[in-house]
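Just so you know, all these numbers are worked out from the coordinates, no wet-lab data involved. These figures come from a predicted structure and were not determined experimentally. Counting neighbours? That spans all protein chains shown, and the Cβs are built from the backbone with ideal geometry, glycine included.
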């Protein structure tokens, strides 16, 4: 082996030059070599010489050889050298070495050296396989994430967590441009990448933009945002369009990158995933290309499931996300309370706890901070918020006020047993009766009939906690879900009770049917977002069990609850003669009328009564109070005989043409108009 070492020491440089000369004729190898500047190429040749000399060492340990070969193989895999060209290059290298020293070295030494070269190739190929296995493992994790993430924040933070552990990825981040086209990163792996991104944003000269007319918009992020295609930087040292960021990237060992636009099929990008490699030429090989293509497809499906371009809010920079996550875990997290009123008795026996965050002089509502939070943040917020609410309730009880609590359970609580365990601990610690706690489950597409989610809800039920399905009618409703999930209450979404123009009767009819459906399924019904006493009275007529909204009270701090309750011991609507309560009465009366028309005897009695009215006579023909109440419409128009006549025309149309006839619909419109038309003073 001494002759081998001496020969290699003298000729390895020349052999390596021969090797790289021939290597540059292979298509993939040529691309890799051309992306290097002269210093990088010389460094690569120097490492190759050192590797040859190490293989000739008599005392080379197998473990050291394997470790070095795996490391070199990982480098070759990451820079995108094809396996086929790797094998071919080994043959070229062996031939170059033999040509230089083969005649001067003992055959046994040369044979050992050749065997070590072959072993070196074998272990390098195993490194390739490990990289490919890691790619598949990452894709499987991301596939699971895309179907389980509950929000855009969960998605991007989950992706970053998965990819940051992948060997090919030296740094990863996700972001979006603001309205001015300046790119803001919303999530990034821990470490120097966050310092790198902060440095880019610190100066207008290094900010990433998406404007095609700006030189800083010609980088991979800007191109990917505009094209919707994956864009790459093969080498920060040599790529001409990376000048604004070259120094900062190289200073942190970032040598190449790929920008992956995230978009639902057929839509514009929502965000860009930026992956960096510590080697030049990262993400360009066949397997890396397939990996990125699959990654883009999976994340595009997740974006579509979360609402696509129109369902995801504006970018939230990393610093803002971290700031809000810290506030959630501090005393800045507050709980405000909004009373729920029984519109029939006027009593308030329950309040809903609502999260707020004190951020300096601002009081943030959930819509301002929830999009920035990830799963662990939501769990921390739930635990701290429930503890605070139970403590507040104990203070009210000591002041002589007993109130039930309603509290939001994040969708993640249906699949994360930690929420149930935290609830049990809090209830036991505060001595709070579980039956006095209602957990509201937001209605989303992720609320499924799966065994796991149903099992956790059943645990809450077994504990004695009441369950409410929140935001019924918000767009994700499923009758099977409503029937099979063990809910005690349903909350009608606030958008369902909003009036627009002349649609009041249609809104009330829809709400009425939701109330009837809930009651038919043995559930009580809450309507939220009630902003007028007129609507409050109408919903009472329609049978709503509880109402919540500004018409009752705005959310208030815990200290204001007892004084408010003492001042408002009983609340009742005061919308005497208003249109909405009368329209609600019309709907209830109309249903009674249709039910009675299906009974022949009652229908005949109603017909006789209407015929008597046609002669403008009123008589008690023995048909009883039911018919009289239908004909007189419970005094809806006690002081207006002309308006009452319109109602009688509606009854006549129902008797002779049925509820779907043109005559009935016309009469119905006239009745609604008579109710909603302003009355003369």
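Can you pull the Kirkwood radius for segment 149-314, inverse mean 1/r over Cα pairs, to one decimal in Å?
Taking the inverse mean of 1/r over all distinct Cα pairs, segment 149-314 comes out at 15.7 Å.
State whether segment 255-295 is rounded, prolate or oblate according to the following rule on the C-alpha gyration tensor (a ≥ b ≥ c being the square roots of its eigenvalues): a/c under 1.5 gives rounded; otherwise a/b larger than b/c gives prolate, and the remaining case gives oblate.
oblate
Determine the gain in length on full extension of the stretch residue 46-residue 461; use 0.36 nm per residue of separation and subtract their C-alpha separation, reporting nm with one decimal.
Computed gain between residue 46 and residue 461 is 142.4 nm.
Could you work out the relative contact order of segment 149-314? I mean the mean sequence separation of Cα pairs under 8 Å and 6+ apart, divided by the number of residues, in percent.
Relative contact order here is 21 percent.
Which of rounded, prolate, oblate describes segment 319-567, given a ≥ b ≥ c as roots of the alpha-carbon gyration tensor eigenvalues and a/c under 1.5 marking rounded, otherwise prolate only if a/b is larger than b/c?
rounded
Any chance you could give the angle, 0 to 90 degrees and rounded to 10, that helix 152-163 forms with the longest Cα principal axis of the chain?
Between helix and principal axis, roughly 20 degrees.
Over the chain, what relative contact order in percent results from Cα pairs under 8 Å that are six or more residues apart?
9
Counting other beta carbons within 10 Å of each residue's own, what order do 500, 276, 568, 648 fall into, fewest first?
500, 568, 648, 276
For the residue pair residue 594 and residue 267, what label-to-label distance in nm results when each label sits 7 Å from Cα along the Cα-to-beta-carbon direction?
That separation, rounded to one decimal, is 3.7 nm.
Under 1.5 on a/c is rounded, so check that first for segment 2-135, then, if it is not, pick prolate when a/b is larger than b/c and oblate when it is not; a ≥ b ≥ c are the square roots of the alpha carbon gyration tensor eigenvalues.
Oblate is the answer for segment 2-135, as a/c is 1.5 or above yet b/c matches or exceeds a/b.
Taking Cα centroids, how far is segment 645-676 from segment 385-448 in Å?
Spelled out, the Cα-based centre of one part sits 49 Å from the other.
In whole angstrom, note down how far apart the Cα centers of segment 345-369 and segment 13-72 are.
Segment 345-369 and segment 13-72 have Cα centres spaced 64 Å from each other.
What whole number of Å gives the distance from the Cα centroid of segment 261-297 to the Cα centroid of segment 117-153?
Cα centres, segment 117-153 to segment 261-297: 14 Å.
Kirkwood Rh over Cα pairs of the chain into Stokes-Einstein at 10 °C, 1.306 mPa s: D in µm²/s?
This corresponds to a translational diffusion coefficient of 51 µm²/s.
Report the percentage of all Cα-Cα pairs in segment 512-570 whose separation exceeds 18 Å, rounded to a whole percent.
44
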